[in-house]
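Asks: Following this message is one structure expressed as structure tokens.
The values are calculated or read from the model by the stated rules, or taken from the named source; none is laboratory data. No experiment lies behind these values; they were computed from the predicted model shown. Every residue, glycine as well, gets a Cβ built from its backbone with ideal geometry; the counts of neighbours run over all protein chains shown.
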Amino acid sequence: MRQRTLFTKTRKEAPSDEVAKNAKLLIRAGFVDKLQAGVYSYLPLGLRVLKKIEQIIREEMNAVCGQEILMPSLHPKENWQTTGRWDTMDDLYKVSDTSGRENALGATHEEIVVPLVKQFVSSYRDLPFSVYQFQNKFRMELRAKSGILRGREFIMKDMYSFHKDETDLKNFYDKMKKSYERVFERFGIGEKTYLTFAGGGSFSKYSHEFQTVTPAGEDTIYICDICHIAINKEIIEDQNHTCPLCGNKNLRTETAVEVGNIFELKTKYSAPFDLSYKDEEGKDQPVIMGCYGIGLGRVFGTVVEAYGDDKGLVWPREIAPFAVHLVEILSANIRVREETEKFYNELIGQGIDVLWDDRDLRAGEKFADSDLIGIPFRVVVSEKTLTEGKFEIKARATGEVSMVDRDELIKFIKSVKLKVNTDACPTL
């Protein structure tokens, strides 16, 4: 993409009403725009990041045989009354039309997916399976001051699994723990993200959160560095401040952001809708459920909080909007433009995502914008580099600068491999 074609522009200053680091940097760099508190538009650069986050999740959900669907955001009141949450969920947006019909804007989708699935499940032969979606959620958030970390409208991946018994649920639940670990590793935050033991409510001893350590976090977690797991603040007393896996009492306290969670729902939502199946003996049995969520905006904002610095954004390679920021230094020598365009097309031809800064700006302005946007590698083409026959490449994360020739540069960029899951679902 040529940068002069972007309709968005960078800003020297962040909006005065923003508090969160993620919102300040993302708005300044032209990745998002704030419509109102807790509601943001994703602009071209931001949407590229969001789609890469989505695709990583999709690949990992498909690898465990998840089947992608898309459910409505507008939910009938009756579905929420069936589970009792119409009156008990205090952050649920409720809307009425001119006929007086009442609906909810989807805060979550248990009330929709269960009656949907009920149409297709009748026998033990229909189980197990799982479905997932990427969908907007709406919650009446009163503390929408954390940028895209805590929104009133946000995008979430929610998966729901359906099983014959608790043993089958547990086996899949353990598989999803590993799946989520791969997801966060591919996002570039695996080392900072911990499987965190949380309260399970009335249907399980534990649920599990995935918490990423960052000073911007609203949660307190207690980390066992031996097991690389954590316990959240609400259950640490019940655990006597010890690791539930190894008994370690020397736990480290950190602040963190919850970027995902998994729950054993069991029959909490299947029972109200009478979701059942006939077993091998023809007897009716309740369908057992699990659910598995990841907030895409939360991941997006958490990466910014974890890696952004005083110059701007710093993107991990896997979710960066582009791999290379090609910066052309203006010159009266037409050969600079010709060689930059030639190299741009060559990189594109090699399958490398490139943002070409072809704007009529001074070098200093381009370098400042490059640091602000945070693409992993900045490559400079100038009259000097052409004379020397080498390109200047700078790694955004480390600041390391090298001078390399064309072939070395392409080979180096292609050598920075993305983490790709090639596992295929064995049953689809």
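Asks: Is one or more of the residues making up region 73-82 charged (D, E, K, R), touching a residue at least 40 places away in the same chain (Cβ under 8 Å) and not in a loop (DSSP other than H, G, I, E, B)?
Replies: No: region 73-82 contains no residue that is charged (D, E, K, R), touching a residue at least 40 places away in the same chain (Cβ under 8 Å) and not in a loop (DSSP other than H, G, I, E, B).
Asks: For Asn22, are the conditions met, namely being under 22 Å from Phe154 (Cα atoms) and in the same structural domain as Thr108 (by TED's automatic domain parsing)? Walk me through it before giving the result.
Replies: Numbers: under 22 Å from Phe154 (Cα atoms): yes; in the same structural domain as Thr108 (by TED's automatic domain parsing): yes.
Judged against the criteria, Asn22 is a match.
Asks: Additional query: Whether any residue in region 255-270 is out of contact with any Leu (no Cβ under 9 Å at 6 or more places or on another chain) and without any contact (Cβ under 8 Å) to a residue 24 or more places away in the chain is what I want to check.
Replies: Within region 255-270, none of the residues are out of contact with any Leu (no Cβ under 9 Å at 6 or more places or on another chain) and without any contact (Cβ under 8 Å) to a residue 24 or more places away in the chain.
Asks: I'm trying to understand the selection: among the residues of region 277-306, which are over 33 Å from the mean Cα position of the chain (by Cα) and of a type in the set (S, T, N, Q)?
Replies: Gln285
Asks: Sticking with this one: Report, by residue number, each residue of region 163-208 that is in a strand (DSSP E or B), of a type in the set (S, T, N, Q) and modelled with pLDDT of 95 or more.
Replies: Thr193, Thr196
Asks: Do we find that Glu237 is of a type outside the set (Lys, Arg), assigned to a loop (DSSP other than H, G, I, E, B) and in the same structural domain as Asn79 (by TED's automatic domain parsing) in this structure? Let's see the steps before the verdict.
Replies: Working: of a type outside the set (Lys, Arg): yes; assigned to a loop (DSSP other than H, G, I, E, B): yes; in the same structural domain as Asn79 (by TED's automatic domain parsing): yes.
Against the criterion (of a type outside the set (Lys, Arg), assigned to a loop (DSSP other than H, G, I, E, B) and in the same structural domain as Asn79 (by TED's automatic domain parsing)), Glu237 qualifies.
Asks: Then there's this: Just for region 395-428: of the residues that are surrounded by 10 or more Cβ atoms within 10 Å (Cβ to Cβ) and basic (Lys, Arg), which one is nearest to Asp371 (Cα to Cα)?
Replies: Selected residue: Arg396.
Asks: Just a yes or no: is a residue in region 367-379 part of a helix (DSSP H, G or I), modelled with pLDDT of 95 or more, among the basic types (Lys, Arg) and under 31 Å from the mean Cα position of the chain (by Cα)?
Replies: There is no residue in region 367-379 that is part of a helix (DSSP H, G or I), modelled with pLDDT of 95 or more, among the basic types (Lys, Arg) and under 31 Å from the mean Cα position of the chain (by Cα).
Asks: Sticking with this structure for a sec: Tell me which residues, restricted to region 232-278, are surrounded by 13 or more Cβ atoms within 10 Å (Cβ to Cβ), charged (D, E, K, R) and over 24 Å from Gly290 (Cα atoms).
Replies: Matches in region 232-278: Glu254 only.
Asks: For region 160-174, does any single residue satisfy the condition of being acidic (Asp, Glu), closer than 30 Å to Asp279 by Cβ and free of Cβ contacts under 8 Å to residues at least 24 places away in the same chain?
Replies: Checked against the condition, which is being acidic (Asp, Glu), closer than 30 Å to Asp279 by Cβ and free of Cβ contacts under 8 Å to residues at least 24 places away in the same chain, region 160-174 yields at least one hit.
Asks: Scan region 118-157 for residues that are of a type in the set (A, V, I, L, M) and at pLDDT below 95 and report the count. Give the steps one after another, and end with the answer.
Replies: Of region 118-157, the ones of a type in the set (A, V, I, L, M) are 121, 127, 131, 140, 142, 144, 148-149, 155-156.
Among the residues that remain, those that are also at pLDDT below 95 are: 140, 142, 144, 148-149.
Summing the residues that are of a type in the set (A, V, I, L, M) and at pLDDT below 95 in region 118-157 gives 5.
Asks: Out of Asp284, Asp225, Asp309, I need the residue that is of a type in the set (Asp, Glu), free of Cβ contacts under 8 Å to residues at least 12 places away in the same chain and farther than 30 Å from His163 by Cα. Which one? Write out each step before concluding.
Replies: On the way: Asp284 fails: farther than 30 Å from His163 by Cα; Asp225 fails: free of Cβ contacts under 8 Å to residues at least 12 places away in the same chain.
Asp309 is the lone residue from the list that is of a type in the set (Asp, Glu), free of Cβ contacts under 8 Å to residues at least 12 places away in the same chain and farther than 30 Å from His163 by Cα.
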